Structure formats: C-alpha cells, structure tokens
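Working notes, beginning with the structure itself.
The numbers here are math on the coordinates, done by the rules we state, and not lab data. Computed from a predicted model, the values in this text were never measured in an experiment. Backbone-built Cβ (ideal geometry, glycine too); neighbour counts: all protein chains shown.
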Amino acid sequence: MATATFEKAKYQAAEIAERVPPLLLAARRIAATIEQGVHGRRRVGRGEAFWQFRQYYPGDELRRLDWRQSAKSDRLFLRQMEWSAAQTAFLWCDLSASMRFASKRDLPSKLEVAQVLTLALAGAMSRAGERVALLGSGERPTAGRFVLESIAHRLAHLAGQAESSSDQKFSIPPHGALPAHAHVILVSDFLAPQEELKAAINRFAGTDCRGHLIQVLDPAELDLPYAGRVRFEGVEGEGDLLMSRAENIREDYRTELANHWDGLKLLAQSAGWSVSRHVTDQSAAKSLLEAYQWLAADHRPTAHQ
Amino acid sequence: MLTLGSLTFAAPWLLAALAVLPILWWLLRLTPPSPRRISFPPIRLLFLLRPKEETPHRTPWWLILLRLFIAALVIAGLAQPLWNANFGFPRGGPVMIVLDDGWAAAHGWEQRKEAASALIDRAERNGRQVILATTAPQASAPSFGLTPMPAATAATQLAAMEPSPWPTDRAAAAARLDKANLPSDLNIFWLSDGIGSQKSDIDAAFSDTLQAHGSLDVMSLKLDLPLMLLPPERDPNGLWVKVARTQIGAAQPVRLRALDRDGRTLGISQGTFRADERVARIKLDLPVELANRASRIALENAASAGSVTLLDDGGGRKPIGLVTDNPALSRQPMLGEIYFVERALAPNHEVRADRLQTLLKQELAVIVLTDNSIFAEGDRAALRQWVERGGMVVRFAGEKLSSEPTDDLLPVRLRPGDRTLGGALSWTEPAHLAPFPNSSPFAGLQIPKDVAIERQVLAEPDIDLGNKTWARLTDGTPLVTGERMGNGFSVLFHVGSTADWSNLPISGLFVEMLDRLVMTASGIVANADENRPLAPAQTLNAFGQLTPPIASAVAIVAKNLSTTKAGPQHPPGFYGPDNQHRALNLAPSQPVFAPLTVPARQLAADRTLELAPSLFLVAFLLLIADMLIALALRGLLRRRGALATTTAAAVALCLLTAPQPSDAQQLPDQDILAATETTHLAFVRTGVPQVDATSKAGLYGLTQTLLRRTSVDVGDPVAIDVEADELSFYPFLYWPITAGQRTPSAAAIGKLNKYLAVGGMIFFDTADQNLIGMSGGDMGPGAQRLMELTPGLDVPRLMAIPPDHVLTKSFYLLRDFPGRWIGGTVWVEVPRGRVNDGVSGILVGSNDYAAAWATDELGQPLFPVTPGGERQREMAYRFGVNIVMYALTGNYKSDQVHVPAILERLGQ
C-alpha cells in the first residue's frame, strides 16, 4: 500500500517535472526584460567596477599597483574597486488547492502564473547577482547560473507534494529561520484567513526582513461573472453555498473583495512591506516589473554599512 | 372512432389523457432545475454576504410549455390519428381489383400499384376480403385465382405483381370472370391502362361483365398514355422510325435514342408530333456506319415494352477472321503482324485469330491474311471457294510476298522484289497517299498528311490495273488493289501490316480503311435455313429492358417470325444465335392503338396518412431540445464548446452517410514525372528490412558505377511494391528472393506478366550460392522459394547463359559473372524468335549481386566478397553494368556490325 502511494507520488512528481522547462522558459523570457546590475555600495571594497585611484602607501599590497597610472607621474597609484554586495532574497509560492483554479479553459491557472512569476523573479535576481532561495526549502541562498534550475526543480517537486496531499500548510508561508535583513517575496492569492497571514508576516518582520506580496487572482474572482442558480463549492474544504441568483450578489462581492485587498494592504504596510496584484489574464512582465522596481528601490538596509 | 373533418382518431379514448396536462404543469413548476456547480476559491468572501432577495428559482414558463407540448404530442400520437381516412364501400361484398397488366400498364405502374394498395388498405380497415384479377394473358394461371382472400395476403400478392410485355386480352379475361362463379355484390375497381382493345366492343363487353357482378369504378391515367414505337423503315437516306400515340390535339416533342448491342448510345434524334398527327415519322440522324450498328431504338423518358423497337443483327458487327499460326507471337504489342489489324477492327467487329482451317469452318465476313500466314495448297483452294461464295480476303504484303509473288489469290500480278523509298541509301523521300478515286471503297476518307510509305510491293503493269486500284500513292503506284472474285473480293495492301514498311497501320486512316472494307464485304457467308428454330436469346420486360429470356418463352421457327404475335410464349425480344439475332417486336401485335372507350375517372390513390409516426418524431426531437436546454440551464454546456460539439457531430454524421470516395489507383502527375524524368534502377521490396537495405545500397553502388563509367544517366534507385506500384516506368527490376517474402497476389502476377510482355526485365537473385556450394546440389533454397513466389508468372523456358550471349558483351566483355559469391549459373530465356527481339525478360542468378555492389554514401563496400579480391568485386560491377546496358539497349550488341571489333578485342 505504502509502496503504491510512493509510486503514485513519484509518478506525479515526474509529471510535474515535465512542466519545468516551459515554466523556466517563460520565467527567463520575462526576467530578461528587466536589467539590473549588482548593487554598488558607493564605497571601496571588493567588486568589479572601478572606483578610484589612490596613492600608494607603504603597507599596501604591491600587486594592487596600477602601473599604467603610476607611470604617468612620479607617484605610485593603486586601483580601487567599488564594493558590491549581493542581497539575499527568499521566494515563496502558494501551492495550495485554491491556486489550481482557472475560470476558463484558455486561461492559465493561478498556480501556473504564480510559479512563472516566482521563477522569473528568481531568474532576474540571480542574473543580477543576488542570492536566492526558496522559502521553506531549507537550502541556503545561493547565487550563480544554476540557481534558477535548482529552484525550478524544487518548486516542481513541492507542487507535486502539494497536489497529492490535501494538507493546508501550503497556503501559508512556512516559518524558517531567516538571516536578518533578507528580502521576502510571497506569491499567493492570499485567500487564506488573514489572521494566519498576519501572524506569518509579523514573524518575518520580527527578524527585520523586508517583503513584498504579489496577489495572483483569476479574472472570475475579481468579477464573479456567474448568473442564475449556482452552487459555489470551496476547494479547500470550506463547504459550499447555494445562490439562487448569483448575479444579485456581484456588487456585494466586489465590495467584499475590495475590503479584503485593503486589509491585505494594511497588513503589509504595518510591517513596512508592499503589495501588488496580478490577474492571470494580464501579462506577467508588468507585475514582475512592479515587484522588481520595489526591489530595486533604495530601501536596502543602508544603516548597517 | 372519432372524426374531425379529414382527421380521424382510431383510438380516441386515449385523448382523455390530455386531462392530466394541468397536473403536469403544477408538478413541473414545483421542481426547479438543479443548480450549476462551480468551484470557487474565494468562497470565504461569499460566506460573508447575505443575498438581497431569495426568490425561489422556478423552471421558466416557456420550458414548462415545451414539456407540456411534448406530452400532448405523445398522447395525440397514441390516439392513432389518421388523415384522409376514406371509409366504406358501396356494396356489402368483397372488394375486387381488376388490374390491366399488359405492356401499356408499365407506364404509370407505380401509380396503379399505389392506388390498388390504397384500396386493399381500405378493404382491410373495413374487414372486407379482396379479389385480384388481371387482364393480360399468362402462360399459367396466377396462383391466387379469382377467389376472395384476406387483405394482407392480397397486399403481398400485389407487391409481387409485374406487368407483362405483351398486350392485354380483355375478351379472355371476361371469359375467365364468367367462369369464376363470383358473387354479385362485389365492389369492383378497374385500374385500366387506358388503351383500347383491338375491337372497341370487347372493352364495352368487359365493362358489362364487371358491372354484372356489382358496382364498377373505372380508373385510368387519362392524360398520360404511353407512346408506341412502330418498326423502323430503312431507305437509302437512312433509318426512319415511326412513333404512334393514342391522343391527338396537341403538338408533342419526342426524343429517340439509338443503342448498339452493348447498350452504348449511338445517337439521339428529336422529332415532333404535329397537333393532328397520330403517327410521327422521325429520321434517325446517324452516319450509315453507326446506323448499321444500331440494335435497338428507345423512346427517351418512357419505360415500356412499346417504347423500344428492336432491330435484326445485320449490317453492323461482322465476324472477321485473322489468320495466324501463333496468336501469341503475332499479337505481340507493336511488333506482331496482326496487332494493329486487330486493334483497328476489334472495337466494331467480332475478331477471331486462328488457323485458316479452323476459320474456314466458321461463319465469317472477312478473312485477313498477313505476310507470314502460312497455308497449304488445299487450304488455298478452300479459301478461293469461300471468296467466290461471297467472302472477302484482305492481304498484306511483306518480305515473303515480295520474294515469291506467285499466288493466285491476289487481285493483281506482283513484280518480284519491292521498292524502297527514302532511307539512308536513297535519294527518294517516303511517298504519300493520293486522294482516293471515286470508284474506290475508300472514297471520301480524309488522308492525314503524315502517313508515309517507305517500302511497298509493286504490281505488274496491266490494262485493268487502274480499275483495280483502290488507293494509290502520289506518284501513281497502287497502294491498295482489289478485285471482285466470284461474289466476293480479294484485296491487297501493298504494304505490311506492321509499322515496318509504312506508318499507315498506326494511323487513324488505317482504322477507317479497314472499316470501309468490312462494310463493302457482302456479309456472312453461310446458308440460312428458314426452318431452323430461333431460340429466345434476350427478351424485353414490360418496362422495355432487355433481360435473359423469361421461363415461358419458347423458340420460333425462322420463317414464322414475321407473323408471330407477342404473347407469353413469345415475348418481344431477340431470337436466334449470337450475332444473328432476329428481332420480335411488340408493335405488330397491337395493330389498333387507340384510347379506351369506356368512361373512366382519373386514377388517384386516396392515400390515408398515418400521423402518429410524425408526431412521435417531432416529440422525440423536442425532447432532445428540452434535454439540451436543461443542460444549458445547469451550465453543463459551455457555449462555445456546445456549438463546436454539435457542429462536429453533424459533420461526423454527414461524413458517415456520405459515399466514400472510391480509391481509384491513379498516380499523381508529380510521381509519374519523377519516375520518368530520368531512368531509375528499381528493386522489389521484399518486406525484409535487411534485404531491402542491401538491395538499395547495391543499386546505389551500381548507379554510381554507371554514372562514373558509362553515359547512362540514372537517378536514385527506387523501391517497388509489386502489389501497388506502377512498374512500367522502370526498365529493370532487381528482385532478391528471400524466405520472408509474401507471395504476390494474382493481380500483381498479372501486372508482372504485362510488364514482361511489353519488354520489362526482371533479375531474380536467389542469393544462395553460398548454400549451394555447401550442399553441393544444383538448386538452392532460393530457387525453390522463387518457384513458390511466382506461380502463374509467364516464365518461358530458361537456359544457362551461353558463352556468346549478349550479356557477355553488352558493355564489358565478360566470361563469368561473380557477385558476392562465385560459381552460380546465370539463367536466361531461350530466345523465341522475334518475341521481344530475343531479349531475355527474365534473368536468374544466385550470387547475391546486390551485396557485391552495395556501397555506403562514401563508396565504401558494405560486404566482403567471397573468396575475395577486388577483382571479384570489379567483375560484379562489370556484370551489373552489362545487365543495365542489356536492359536499356536490348540485343544491340548482338548485331553483326560489332562482331569484328569484338573479335579483335577477344584476340581471336
């Protein structure tokens, strides 16, 4: 019996792993639209960009002499580089059942869009030299060319796990010990109870992490385009609800959704975080750019230079 | 039974169920449709909402109405509604239906049958019995007689009834009725054919007889009576056909179609009845040759025995004998002596090729002798007698006739030798034909410009040579001479019957000339015995179609044919042996062709329409619609998806019912072009992958060798499937024999035979010399397999290749023929004279040649040769080159011209 379950899980994992290359491709394509260099620290340090020439003082390493500059005058000069440091970013993608929703056959599911966004961010950041890791994977943040692949595989593996289990844990970001001043990016529909979310965010904010929330929603979840006698069913065991005239509650629903959004924004602001929304029928590049602009904005922890 | 106007309900009490409909309405309103089910992740947000108003959802009123309508339809259908139910009969006794079933009834037979069947239905509803009576004479009395029977039995009897191809005999029918002891309270319906009997008082008497037994209702197709064709008249201007009609007063166009024996249309003529004309004379607009071939003339848009007139076999097809001792040899395409003659004559005439002795025993109009026709002195005398009795002998010149022109069966005396016009050693040009003289049978034929004579035999000058000359060249020399000999003709073409001496035999003129000659011939020379019985060969049915003779038809003595009346023993049709059919027509047995004088009403089937099936069908369709609506309301039909599904289903249905296109085997033009633009070596695909790969590589290697060493420009090798592919594009087929190969079908064998007959070449490679070498036998397993594979293949006698065979010198001079193995014998056909120029169509080897030739793309050999050495492989290639040269050039190298050079090379 156990073997059978294991075999099934393996099969599903393989099935999901098959989806990795196209996801990666989409992520790479989107990430390539954003150009961002390594963050210069505007001071001398280890780095690759030229910062200044400084006169040689005894005690300086001789191999750092810039001979060409020195030959121009009587003094000796050293070449100094700008110190560039990479940020550490943790990504999390909601893999719960509610994400596997697509209102129309020609729309991607929220999960697919969220995965693409996650991977695209990971790709963009690793290309920019940042260290990236998947939240809750237990791996150390790494930089380099192969980060994107490993994250993609990790994500596919987790998605396989999430699909085969009905566990609720996938709808709330896990709490792991994060290094201070790390950046956290959460991609989800954030439809889980806001108290749980608040608890999780506060835990992150407690370690002085900065973060950004990307809410992924289906157009049907925005507009409730249904009419007539409809039985709405929850996907994570919330129960069901019979509406005899679904068109009558549309306005109320929109208001409720707006309230939810406000609550989410408030939640983020209280922790000093930001939030953006992505609808699955929009281009992913736009939302990605938004998130990236937030990352690129100069609110990195400058106080700890 | 409930009747409302034309509508009747057979089971009206079921209509009470309509009272249930209001209850149904109430029930339907109570049960709302089940809701759509939608998975919706943000359902927590919905839990927070309170709906504004919770009106109970009801089924829409129009849906309830639809469902009620369906229920009403079903109830109405169950009540068995009938439209136009005509009840009752005037008298209390059984119903009698008198059906005219002579030839004239074939016109509108379906309407008559329908009316009769409606009457039987009505009788069944009224519980009456039915009597069926017919008026045309029959060979045997019908099984149902004149007795009352249940309506159901009568309906089956009626369904089996057919009209007869001869006229009715109402006098005899009246006599039968009188004898039958019928009750006097019958309800009689006479479905008449509308044509009067030979004497008008017969019809009145018949009507009186019927009336004596009960009420009489006479029905007839009043305005649409059949036409009748009278026997045609021949006069010098052509064939005149007479058409008779029964009613006058309006002009009426008619169209006639002339058909030959095989039912092919020869021509169509149009004519018109003038308003006051009872008989129209229409000329058949056909050339004489075509008119002679006409075997029957039919009225268009009419289907009765009277609308067809049959013609005796006569001027058209004639039996023609071609004298040959070896039909297979002389029929050889393009080369055989009788090939072109047979091709020219066979479409229009019956051609037999046989020995003279055999032919002289048959009835023939023309005998054709070619140059090589051999006959003994006795036969010559017999032939001369035959000609004098009225036969025509047509001879063709040739080498033999020009060398010894001592023959008394010629129209003119010939000079020994012949003259050659044009050619390499002559200043003269090939001669053309002069216009035919008016006295010639060929007068008026168009002479194509490109007919040229290169060689001919010459006649000795004579006083009456000019009169005997039927065709001459532009320089005046006779080309065709003919002479009356007794009652017959002797004709000589001064050229051969093949394309060697002139291109006349391959021109269209040749066909026309032979046709004219056959028309000139007086006909079949045989003594006709006027007392011989003529057995029925084909008879007409009442609808004017020729069928095998009916069972009751018996033979007619020849001299009585013209006086015989059509009837059950002698239905109209063809009588007599094949090719000498004599026609018995219907028209003489109907000398009076007039309308019925008894007053009749227009025939009309008062058909009762059962409405129940249509009601049920509509209800069923509406039920499907209701189901779709219910699904749509529950949201189970996505709008776009549903549309696509419905369309796909409809299209699939159309495709299923549409006739499948026949997969005619036609090669696309591109494939034909590709196969013929360059020469390709081809191998037979065996289905064994290794063998096929080896064959392909082998032919590839050989192709490369050919391109490198010779001027032969060959394309890539081609794999051939003998079952499916066209073979005639490939001059040479390599066929490796394997155990795993499927035996070709009979059709494929036929195709291969045809391929060989037209000069194809197949090289069978048994590839088993290594095994023979081990077992020491003469024949390996491959040869056994070859025999199994090719049953029915036309393989002539084979022999081991002689040392002086053309294959040994067609390009390289070779002594032995190694392949991958050595020592195997190559077998070729024993030369059969001029068949295929003595070129062997079949070669059999056993040395696995393809393996020796096989190279990869870079020219590296793929298989080692055994015992080995590059010399062996080189010799294998040389043999391959020789084979291809042999396939392409035939016996060219066996020509004596090359002998000195070859001898010198051989050092002899």
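For this structure, a couple of remarks:
- Selected from B:ALA724, B:GLY750, B:GLY740, residue furthest toward positive end of dipole (region B:717-805; charges at beta carbon): B:GLY750
- Computing Rg and the Kirkwood Rh from the Cα coordinates of region B:535-577 gives a ratio, Rg/Rh, of 0.92.
- The Cβ shell under 12 Å around B:HIS805 holds other residues with a net charge of +1, Lys and Arg each +1, Asp and Glu each -1.
- Under 5 Å, built H, 5+ apart or other chain: amide partners of B:LEU473: B:ALA434, B:LEU479
- Debye, to nearest 20: dipole size of region B:792-839, +1 on Lys, Arg Cβ, -1 on Asp, Glu Cβ: 60 debye
- Given charges at Cβ of Lys, Arg, Asp, Glu: region B:491-622 dipole, positive-most of B:VAL618, B:GLN580, B:PRO591: B:PRO591
- Long-range amide H partners of A:GLY211 with built H, under 5 Å: A:VAL184, A:SER274
- Counting every other Cβ atom within 10 Å of each residue's Cβ, B:ARG878, B:ARG281 order from fewest to most as B:ARG281, B:ARG878.
- Partners for A:LYS265 among aspartates and glutamates (Cα-Cα distance below 17 Å; same-chain residues under 8 apart left out): A:ASP189, A:GLU195, A:GLU196, A:GLU256, A:GLU290
- Straight-distance crosslink candidates among aspartates and glutamates, where the alpha carbon sits under 13 Å from B:LYS222 and sequence neighbours closer than 8 are dropped: B:ASP193
- Expressed as a fraction of 2.2 N^0.38 Å, the value expected for a compact globular protein of N residues, the C-alpha radius of gyration of the protein assembly as shown is 1.55.
- 14 Å beta-carbon shell around B:ALA431, net charge (K/R +1, D/E -1): -1
- Cα centre as origin, Lys/Arg/Asp/Glu Cβ charges: chain B dipole, Debye: 3300 debye
- Cut-off under 5 Å, modelled amide H: who pairs with B:ILE367 long-range: B:GLY321, B:MET392, B:VAL393, B:VAL394
- Which listed pairs, of B:LYS449/B:LYS754; B:LYS242/B:LYS565; B:LYS199/B:LYS242; B:LYS318/B:LYS468; B:LYS283/B:LYS468; B:LYS361/B:LYS565, have C-alpha distances above 27 Å, in listed order: B:LYS449/B:LYS754; B:LYS283/B:LYS468; B:LYS361/B:LYS565
- Applying the Karplus relation 6.51 cos²θ - 1.76 cosθ + 1.60 with θ = phi - 60° to region B:16-21 yields 3J(HN,Hα) values of 4, 5, 4, 5, 6, 4 Hz, where x marks Gly and Pro.
- Cut-off 15 Å (backbone N to label point 7 Å along Cα→Cβ of A:ALA258), residues of region A:216-238: A:222-224
- Taking Cα centre as origin and charging only the Cβ of basic (Lys, Arg, +1) and acidic (Asp, Glu, -1) residues, the dipole magnitude of the protein assembly as shown rounds to 3640 debye.
- 3J(HN,Hα) along region B:258-271: 9, 10, 8, 4, 8, x, 7, 6, 9, x, 10, 10, 10, x Hz, from the Karplus curve 6.51 cos²θ - 1.76 cosθ + 1.60 with θ = phi - 60°, whole Hz, x for Gly and Pro.
- 17 Å Cα-Cα reach of A:LYS104 towards aspartates and glutamates, excluding residues that sit fewer than 8 places from it in its own chain: A:GLU112, A:ASP218, A:GLU221, A:ASP223, A:GLU233, A:ASP281
- Gain upon complete extension [B:TYR892, B:ARG37; 0.36 nm per residue less C-alpha separation]: 299.1 nm
- Phi-derived couplings, Karplus 6.51 cos²θ - 1.76 cosθ + 1.60 at θ = phi - 60°, listed residue by residue for region B:333-348: x, 6, 10, x, 5, 9, 4, 6, 5, 5, 4, 6, 9, 4, x, 9 Hz, with x used for Gly and Pro.
- Dipole of region B:669-906 computed with +1 at Lys/Arg Cβ and -1 at Asp/Glu Cβ about the Cα centre; of B:TRP827, B:PRO900, B:GLY715, farthest Cα towards the positive end is B:PRO900.
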